[in-house]
Amino acid sequence: EMARQRILLDHRFFASLMMRMKWGPDPSCKTLWTNGKQVGYNPAYIDDLTTRKTMGAIVHEVFHPMMKHHLRIGNKNHELWNKACDYAINPLIIQYGFELPDNILLDEKFNGMAAEQIYAILLEEEQQKQEEKKKEEQGQDDQDQEQEQDNGEKDSGEGQDQKDQD
């Protein structure tokens, strides 16, 4: 509550946007979320933040609808789009002088890029990871097949020994 009051007093532009949104506790979420009109926040998460970091988190959520992120998602992967949007706005929020919570998405290589550009890069990186994972799994499958063949030969040998003993 203190953080919202400080925004109201010291940051009128962000305050006007903040006041247009409906804010409510949502213990089921990890941190905060917005759909462009509502903001949900985990009270336990907010309680652990300093007032300055809470102000940054509030402004972060206000930035999403300000940048119309909820309207620009189209048929994009929701999780990846959200990451791209975070990478796009977090440097701006810091430039405005706000302090953000720890473990935020921040990477200088994305500075100055639109969320769509960042999304394309993240999507490409994700696809490369998937391809590498497939190659690793195929390599593992090849190893498993070789082991099965080796085990099969051992089994048939053991079976022969058993027949000899009988």
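The values are calculated or read from the model by the stated rules, or taken from the named source; none is laboratory data. The shown structure was predicted, so the numbers you read here are calculated from the model rather than taken from an experiment. Don't worry about glycine lacking a Cβ; one is built from the backbone with ideal geometry, like all the others, and counts go over all protein chains shown. Calculation scope for accessible area: heavy atoms of the full protein, side chains included, ligands and nucleic acids excluded. Shrake-Rupley method; radii C 1.70, N 1.55, O 1.52, S 1.80 Å.
Structure summary
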{"quantity": "Condition met for PRO101 (open to solvent by less than 30 Å² (accessible area, probe 1.4 Å), part of a helix (DSSP H, G or I) and not hydroxyl-bearing (Ser, Thr, Tyr))", "calculated": "no"}
{"quantity": "Which listed residue, of ALA57, ALA44, is over 22 Å from PRO91 (Cβ atoms) and among the hydrophobic types (A, V, I, L, M, F, W, C)", "calculated": "ALA44"}
{"quantity": "Residues that are within 14 Å of ARG4 (Cβ to Cβ) and of a type outside the set (D, E, K, R), drawn from the stretch 51-68", "calculated": "THR51, THR54, MET55, GLY56, ALA57, ILE58, VAL59, HIS60, VAL62"}
{"quantity": "Per-region count, the stretch 54-93, residues over 23 Å from PRO43 (Cβ atoms), of a type in the set (Val, Ile, Thr) and touching a residue at least 24 places away in the same chain (Cβ under 8 Å)", "calculated": "1"}
{"quantity": "Hey, GLU79 within 17 Å of the chain's Cα centre (by Cα), in a helix (DSSP H, G or I) and crowded, with 18+ Cβ neighbours inside 10 Å or not", "calculated": "no"}
{"quantity": "Every residue from the stretch 60-75 that is over 11 Å from LEU32 (Cβ atoms) and assigned to a helix (DSSP H, G or I)", "calculated": "PHE63, PRO65, MET66, HIS69, HIS70, LEU71, ARG72"}
{"quantity": "Test result for LYS22, in contact (Cβ under 8 Å) with a residue 12 or more places away in the chain and surrounded by fewer than 16 Cβ atoms within 10 Å (Cβ to Cβ)", "calculated": "yes"}
{"quantity": "Close pairs from the stretch 26-47: first on the phi > 0 side of the Ramachandran plot, partner open to solvent by 60 Å² or more (accessible area, probe 1.4 Å), Cβ under 9 Å, at least 6 apart", "calculated": "GLY36/LYS68; GLY36/HIS70; GLY36/LEU71"}
